[in-house]
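Trainee: Okay, handing you the structure first.
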Amino acid sequence: MREVAVVTGGARGIGRGCAHALAERGHDLVLVDLLVAEMERTRGELESMGARVLTFEADVADHARAKEIAAAVEREWGRCDALVNNAGKSNPRTILDCTEEEFDRTIAINLKSCFNYIQAFVPLMRKGGGGRIVSMSSLNAHTGGVTSAVSKFAYASAKAGILGMTRALAKELGPEIAVNAVCPGVIETEIGNVLTRSRGAELAKKIALQRVGKPQDVARTVAFLATDQSSFITGQHIIVDGFQWEI
Ligand SMILES: NC(=O)c1ccc[n+]([C@@H]2O[C@H](COP(=O)([O-])OP(=O)(O)OC[C@H]3O[C@@H](n4cnc5c(N)ncnc54)[C@H](O)[C@@H]3O)[C@@H](O)[C@H]2O)c1
(Lines give C-alpha, C1' and ligand atoms only; values in the text may rest on other atoms or scores of the structure.)
Protein backbone atom coordinates (compact mmCIF):
# COMPACT_ATOMS: atom_id res chain seq x y z
CA MET A 1 0.00 0.00 0.00
CA ARG A 2 1.44 3.41 -1.01
CA GLU A 3 1.88 6.00 1.72
CA VAL A 4 -0.23 9.16 1.58
CA ALA A 5 1.12 12.68 2.08
CA VAL A 6 -0.94 15.87 2.43
CA VAL A 7 0.76 19.07 1.22
CA THR A 8 -0.94 22.40 1.85
CA GLY A 9 0.00 25.14 -0.60
CA GLY A 10 1.03 22.32 -2.92
CA ALA A 11 0.07 24.05 -6.18
CA ARG A 12 3.33 25.90 -6.76
CA GLY A 13 6.67 26.96 -5.26
CA ILE A 14 8.12 25.03 -2.34
CA GLY A 15 4.88 23.05 -1.82
CA ARG A 16 4.94 21.83 -5.41
CA GLY A 17 8.60 20.85 -4.88
CA CYS A 18 7.64 18.90 -1.72
CA ALA A 19 4.86 17.09 -3.60
CA HIS A 20 7.35 16.11 -6.34
CA ALA A 21 9.91 14.92 -3.79
CA LEU A 22 7.30 12.78 -2.00
CA ALA A 23 5.93 11.37 -5.29
CA GLU A 24 9.52 10.38 -6.19
CA ARG A 25 9.64 8.50 -2.88
CA GLY A 26 6.46 6.57 -3.74
CA HIS A 27 3.77 8.60 -1.96
CA ASP A 28 0.30 9.41 -3.19
CA LEU A 29 -0.48 13.09 -2.74
CA VAL A 30 -3.28 15.22 -1.36
CA LEU A 31 -2.92 18.85 -2.47
CA VAL A 32 -4.73 21.71 -0.73
CA ASP A 33 -4.56 25.18 -2.26
CA LEU A 34 -6.52 28.26 -3.32
CA LEU A 35 -5.02 28.24 -6.83
CA VAL A 36 -7.08 25.70 -8.78
CA ALA A 37 -5.39 26.00 -12.19
CA GLU A 38 -1.86 25.72 -10.74
CA MET A 39 -2.98 22.82 -8.53
CA GLU A 40 -4.38 20.95 -11.55
CA ARG A 41 -1.12 21.49 -13.44
CA THR A 42 0.82 20.07 -10.49
CA ARG A 43 -1.63 17.17 -10.29
CA GLY A 44 -0.80 16.32 -13.93
CA GLU A 45 2.94 16.36 -13.18
CA LEU A 46 2.53 14.09 -10.15
CA GLU A 47 0.25 11.65 -11.99
CA SER A 48 2.80 11.38 -14.78
CA MET A 49 5.28 10.32 -12.05
CA GLY A 50 2.89 7.47 -11.10
CA ALA A 51 1.29 9.04 -8.00
CA ARG A 52 -2.43 9.12 -7.29
CA VAL A 53 -3.56 12.65 -6.46
CA LEU A 54 -6.53 14.24 -4.68
CA THR A 55 -6.92 18.02 -4.92
CA PHE A 56 -8.95 20.29 -2.64
CA GLU A 57 -9.60 23.98 -3.19
CA ALA A 58 -9.45 25.50 0.29
CA ASP A 59 -8.26 28.41 2.38
CA VAL A 60 -5.97 26.85 5.00
CA ALA A 61 -7.18 29.42 7.53
CA ASP A 62 -10.61 27.72 7.43
CA HIS A 63 -10.79 25.32 10.39
CA ALA A 64 -14.00 23.52 9.34
CA ARG A 65 -12.70 22.97 5.79
CA ALA A 66 -9.60 21.16 7.14
CA LYS A 67 -11.90 18.70 8.95
CA GLU A 68 -13.95 18.18 5.75
CA ILE A 69 -10.76 17.45 3.79
CA ALA A 70 -9.49 14.98 6.40
CA ALA A 71 -12.87 13.19 6.29
CA ALA A 72 -12.72 13.04 2.48
CA VAL A 73 -9.15 11.63 2.54
CA GLU A 74 -10.25 9.00 5.08
CA ARG A 75 -13.22 8.06 2.85
CA GLU A 76 -11.13 7.91 -0.34
CA TRP A 77 -7.84 6.41 0.82
CA GLY A 78 -8.27 5.62 4.53
CA ARG A 79 -4.81 6.80 5.60
CA CYS A 80 -2.48 9.75 6.07
CA ASP A 81 1.20 9.07 6.69
CA ALA A 82 2.64 12.58 6.31
CA LEU A 83 1.31 16.11 6.63
CA VAL A 84 3.30 19.04 5.23
CA ASN A 85 1.96 22.38 6.50
CA ASN A 86 3.51 24.47 3.75
CA ALA A 87 0.91 27.10 2.75
CA GLY A 88 1.92 30.56 3.88
CA LYS A 89 2.01 34.17 2.87
CA SER A 90 4.27 37.03 3.82
CA ASN A 91 3.06 40.42 5.10
CA PRO A 92 5.46 43.38 4.79
CA ARG A 93 3.56 45.76 7.12
CA THR A 94 5.39 47.59 9.90
CA ILE A 95 3.98 47.70 13.42
CA LEU A 96 2.35 51.13 12.90
CA ASP A 97 0.97 50.30 9.41
CA CYS A 98 -0.46 46.85 10.10
CA THR A 99 -4.21 46.74 10.65
CA GLU A 100 -5.76 44.32 13.12
CA GLU A 101 -7.34 42.43 10.20
CA GLU A 102 -3.99 42.10 8.41
CA PHE A 103 -2.30 40.84 11.58
CA ASP A 104 -5.08 38.31 12.23
CA ARG A 105 -4.99 37.13 8.61
CA THR A 106 -1.21 36.64 8.63
CA ILE A 107 -1.41 34.59 11.82
CA ALA A 108 -4.36 32.63 10.41
CA ILE A 109 -2.67 31.70 7.12
CA ASN A 110 0.76 30.92 8.57
CA LEU A 111 0.13 29.61 12.11
CA LYS A 112 -3.54 28.78 12.70
CA SER A 113 -3.41 26.77 9.46
CA CYS A 114 -0.96 24.38 11.18
CA PHE A 115 -3.36 23.97 14.11
CA ASN A 116 -6.23 23.39 11.65
CA TYR A 117 -4.52 20.66 9.62
CA ILE A 118 -2.70 18.95 12.49
CA GLN A 119 -5.93 18.71 14.52
CA ALA A 120 -7.83 17.45 11.46
CA PHE A 121 -5.30 14.79 10.38
CA VAL A 122 -3.91 13.43 13.67
CA PRO A 123 -6.86 11.03 14.21
CA LEU A 124 -6.33 9.51 10.75
CA MET A 125 -2.56 9.25 11.29
CA ARG A 126 -3.17 7.51 14.62
CA LYS A 127 -5.56 5.03 12.99
CA GLY A 128 -2.70 4.03 10.69
CA GLY A 129 -0.29 3.66 13.62
CA GLY A 130 1.42 7.05 13.34
CA GLY A 131 2.91 9.52 10.92
CA ARG A 132 5.09 12.55 10.39
CA ILE A 133 4.24 16.25 10.41
CA VAL A 134 6.49 18.90 8.88
CA SER A 135 5.58 22.60 9.12
CA MET A 136 7.13 25.40 7.07
CA SER A 137 8.59 28.04 9.32
CA SER A 138 11.16 30.54 8.03
CA LEU A 139 14.60 31.98 8.69
CA ASN A 140 12.56 35.09 9.59
CA ALA A 141 11.49 33.34 12.79
CA HIS A 142 15.13 33.57 13.89
CA THR A 143 16.24 36.86 12.30
CA GLY A 144 13.08 39.00 12.21
CA GLY A 145 13.55 39.69 8.49
CA VAL A 146 16.10 40.38 5.82
CA THR A 147 16.32 44.14 6.40
CA SER A 148 15.18 46.31 9.26
CA ALA A 149 13.12 48.32 6.73
CA VAL A 150 10.98 45.26 6.03
CA SER A 151 10.62 43.65 9.43
CA LYS A 152 7.66 41.43 8.50
CA PHE A 153 6.94 41.29 12.21
CA ALA A 154 3.54 39.62 11.85
CA TYR A 155 4.95 36.95 9.52
CA ALA A 156 7.98 36.44 11.82
CA SER A 157 5.60 36.10 14.79
CA ALA A 158 3.60 33.40 13.02
CA LYS A 159 6.70 31.54 11.82
CA ALA A 160 8.26 31.66 15.31
CA GLY A 161 4.95 30.38 16.69
CA ILE A 162 5.31 27.32 14.46
CA LEU A 163 8.58 26.45 16.24
CA GLY A 164 6.90 26.52 19.67
CA MET A 165 3.96 24.49 18.35
CA THR A 166 6.40 21.98 16.85
CA ARG A 167 8.20 21.35 20.14
CA ALA A 168 5.01 21.15 22.20
CA LEU A 169 3.27 18.81 19.76
CA ALA A 170 6.34 16.59 19.41
CA LYS A 171 5.90 15.88 23.14
CA GLU A 172 2.12 15.61 22.97
CA LEU A 173 1.93 13.40 19.88
CA GLY A 174 4.98 11.17 20.41
CA PRO A 175 5.82 8.38 20.14
CA GLU A 176 3.42 7.67 17.26
CA ILE A 177 3.74 10.99 15.45
CA ALA A 178 6.92 12.98 14.79
CA VAL A 179 6.59 16.75 14.47
CA ASN A 180 9.33 18.89 12.92
CA ALA A 181 9.75 22.20 11.09
CA VAL A 182 11.88 23.58 8.29
CA CYS A 183 13.15 27.18 8.13
CA PRO A 184 14.00 28.22 4.57
CA GLY A 185 16.17 31.24 3.87
CA VAL A 186 15.75 33.06 0.56
CA ILE A 187 14.22 30.65 -1.95
CA GLU A 188 13.36 31.48 -5.58
CA THR A 189 9.54 31.22 -5.69
CA GLU A 190 6.60 33.63 -6.01
CA ILE A 191 7.07 34.73 -2.34
CA GLY A 192 10.85 34.94 -2.67
CA ASN A 193 10.90 36.46 -6.17
CA VAL A 194 10.70 40.12 -5.22
CA LEU A 195 13.78 39.71 -3.09
CA THR A 196 15.74 37.44 -5.46
CA ARG A 197 15.02 39.69 -8.48
CA SER A 198 15.99 42.91 -6.75
CA ARG A 199 18.79 41.70 -4.45
CA GLY A 200 19.63 38.11 -5.49
CA ALA A 201 23.26 38.76 -6.51
CA GLU A 202 23.93 40.97 -3.47
CA LEU A 203 22.34 38.40 -1.12
CA ALA A 204 24.30 35.51 -2.66
CA LYS A 205 27.55 37.18 -1.52
CA LYS A 206 26.32 36.89 2.07
CA ILE A 207 25.42 33.21 1.76
CA ALA A 208 28.14 30.62 2.41
CA LEU A 209 26.94 28.50 -0.53
CA GLN A 210 26.96 31.66 -2.74
CA ARG A 211 23.43 31.35 -4.13
CA VAL A 212 19.80 31.73 -3.16
CA GLY A 213 17.84 28.50 -2.67
CA LYS A 214 15.59 26.53 -5.00
CA PRO A 215 12.32 24.82 -4.02
CA GLN A 216 14.07 21.42 -4.41
CA ASP A 217 16.62 22.40 -1.74
CA VAL A 218 13.80 22.77 0.78
CA ALA A 219 11.75 19.87 -0.62
CA ARG A 220 14.58 17.35 -0.07
CA THR A 221 14.76 18.36 3.59
CA VAL A 222 10.99 18.13 3.95
CA ALA A 223 10.98 14.69 2.32
CA PHE A 224 13.70 13.57 4.79
CA LEU A 225 11.58 14.72 7.75
CA ALA A 226 8.33 13.38 6.25
CA THR A 227 9.64 9.81 5.79
CA ASP A 228 11.34 7.20 7.99
CA GLN A 229 14.75 8.49 6.86
CA SER A 230 14.41 10.73 9.95
CA SER A 231 13.30 7.92 12.29
CA PHE A 232 14.76 9.39 15.56
CA ILE A 233 14.12 13.09 14.95
CA THR A 234 11.20 15.00 16.42
CA GLY A 235 10.58 18.45 17.95
CA GLN A 236 13.34 19.98 15.77
CA HIS A 237 13.73 22.50 13.02
CA ILE A 238 16.26 22.50 10.19
CA ILE A 239 17.43 25.80 8.69
CA VAL A 240 17.80 25.52 4.90
CA ASP A 241 19.47 28.79 3.91
CA GLY A 242 22.95 27.98 2.53
CA PHE A 243 24.14 29.70 5.74
CA GLN A 244 23.16 33.32 5.37
CA TRP A 245 25.51 34.91 7.90
CA GLU A 246 24.73 38.61 7.37
CA ILE A 247 21.13 39.74 6.95
N1 LIG B 1 10.27 31.56 -0.75
C2 LIG B 1 10.94 31.89 0.32
O3 LIG B 1 11.96 32.60 0.23
C4 LIG B 1 10.49 31.41 1.66
C5 LIG B 1 11.35 31.60 2.74
C6 LIG B 1 10.95 31.16 4.01
C7 LIG B 1 9.74 30.52 4.17
N8 LIG B 1 8.92 30.34 3.09
C9 LIG B 1 7.64 29.67 3.36
O10 LIG B 1 7.53 28.55 2.48
C11 LIG B 1 6.13 28.31 2.22
C12 LIG B 1 5.91 28.25 0.73
O13 LIG B 1 6.25 29.50 0.17
P14 LIG B 1 6.59 29.70 -1.37
O15 LIG B 1 7.81 30.55 -1.43
O16 LIG B 1 6.56 28.40 -2.09
O17 LIG B 1 5.35 30.63 -1.78
P18 LIG B 1 4.38 30.59 -3.05
O19 LIG B 1 3.58 31.83 -2.95
O20 LIG B 1 5.15 30.31 -4.30
O21 LIG B 1 3.49 29.33 -2.73
C22 LIG B 1 2.62 29.31 -1.62
C23 LIG B 1 1.47 28.40 -1.95
O24 LIG B 1 0.59 28.44 -0.82
C25 LIG B 1 -0.72 28.73 -1.28
N26 LIG B 1 -1.47 29.47 -0.28
C27 LIG B 1 -1.17 30.70 0.21
N28 LIG B 1 -2.13 31.09 1.06
C29 LIG B 1 -3.04 30.09 1.11
C30 LIG B 1 -4.26 29.91 1.81
N31 LIG B 1 -4.75 30.84 2.63
N32 LIG B 1 -4.94 28.75 1.63
C33 LIG B 1 -4.47 27.80 0.78
N34 LIG B 1 -3.33 27.92 0.08
C35 LIG B 1 -2.63 29.05 0.26
C36 LIG B 1 -0.51 29.57 -2.54
O37 LIG B 1 -1.65 29.61 -3.36
C38 LIG B 1 0.69 28.89 -3.17
O39 LIG B 1 0.33 27.80 -3.98
C40 LIG B 1 5.37 29.44 2.92
O41 LIG B 1 4.91 29.00 4.17
C42 LIG B 1 6.43 30.51 3.10
O43 LIG B 1 6.12 31.37 4.17
C44 LIG B 1 9.27 30.77 1.85
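Trainee: Using Cα positions and a limit of under 16 Å, work out the lysines in reach of residue 67, with same-chain residues fewer than 8 apart set aside.
Mentor: Within reach: 112, 127.
Trainee: Please give the contour-minus-distance gain from residue 208 to residue 231: 0.36 nm per residue of separation, less the Cα-Cα distance, rounded to one decimal in nm.
Mentor: Result: 5.4 nm gained on full extension.
Trainee: Additional query: Check residue 187: other-chain or 5+ apart residues with amide H under 5 Å from its amide H, H built from backbone geometry?
Mentor: 213
Trainee: In deg cm²/dmol, rounded to 500, what helix-only [θ] at 222 nm does the chain give when every DSSP H run of at least 4 residues adds -39500 (n - 2.57) and the total is split over its residues?
Mentor: Helix contribution divided over all residues of the chain: -14500 deg cm²/dmol.
Trainee: Helix hunt in the chain: which complete DSSP H runs extend at least 27 Å axially by C-alpha with mean Kyte-Doolittle at least 0.5?
Mentor: 153-173
Trainee: Testing the spin-label approximation: label points 7 Å from Cα along Cα→Cβ at residue 95 and residue 126. State their distance in nm.
Mentor: 4.1 nm
Trainee: Once label points are set 7 Å from the Cα along Cα→Cβ at both residue 102 and residue 201, what is their separation, rounded to one decimal in nm?
Mentor: Going by the 7 Å Cα→Cβ label model, 3.2 nm.
Trainee: Calculate how many DSSP beta bridges within the chain are antiparallel, expressed in % of all such bridges and rounded to the nearest 5.
Mentor: Roughly 5 percent of the beta bridges in the chain run antiparallel, per DSSP.
Trainee: Bin width 5 Å, alpha-carbon pairs only: give the P(r) of the stretch 183-247 as whole percents, running from 0 to the bin holding the largest distance.
Mentor: Per 5 Å bin, starting at 0, the Cα pair percentages come out as 4, 17, 26, 21, 14, 10, 6, 2, 0.
Trainee: Separation of the stretch 31-100 and the stretch 175-247 by C-alpha centroid, Å?
Mentor: 20 Å
Trainee: Shifting gears a bit: Carbon and sulfur atoms: what percent of the 1.4 Å accessible area of the stretch 1-134 do they account for?
Mentor: Exposed carbon and sulfur together represent 50 percent of the surface.
Trainee: Say R0 is 22 Å: what FRET efficiency, to the nearest 0.05, do residue 48 and residue 193 get from their beta-carbon distance?
Mentor: Given R0 = 22 Å and the Cβ-Cβ separation, E is 0.25.
Trainee: Full-extension gain between residue 35 and residue 59, please, as 0.36 nm times their residue separation minus the C-alpha to C-alpha distance.
Mentor: Between residue 35 and residue 59, full extension yields an extra 7.7 nm.
Trainee: Would you work out what percent of the accessible area of the stretch 181-247, with all protein chains in place, is carbon or sulfur (probe 1.4 Å)?
Mentor: Reported share for carbon and sulfur atoms: 54 percent.
Trainee: Okay, moving on. May I have the convex hull volume per residue, in Å³, for the Cα set of the chain?
Mentor: Cα convex hull per residue, to the nearest whole number: 119 Å³.
Trainee: In nm, to one decimal, how far is the modelled label at residue 168 from the one at residue 74, with both set 7 Å along Cα→Cβ?
Mentor: 2.4 nm
Trainee: Let me ask something additional. Amide H neighbours of residue 238 under 5 Å, counting only residues 5+ apart in sequence or on other chains, H built in-plane at 1.01 Å?
Mentor: Under 5 Å from the amide H of residue 238: 181, 182, 183.
Trainee: Rank-order 210-220, 2-12 by packing density, defined as the average count of other C-beta atoms within 10 Å over each peptide's residues, highest first.
Mentor: The densest-packed peptide leads the list: 2-12, 210-220.
The values are calculated or read from the model by the stated rules, or taken from the named source; none is laboratory data. Values in this document were obtained by computation on a predicted structure and should not be read as measured data. Glycine also receives a Cβ, built like all others from the backbone with ideal geometry; neighbour counts cover every protein chain displayed. With ligands, DNA and RNA removed, areas are computed over all heavy atoms of the protein, side chains included. Shrake-Rupley method; radii C 1.70, N 1.55, O 1.52, S 1.80 Å.
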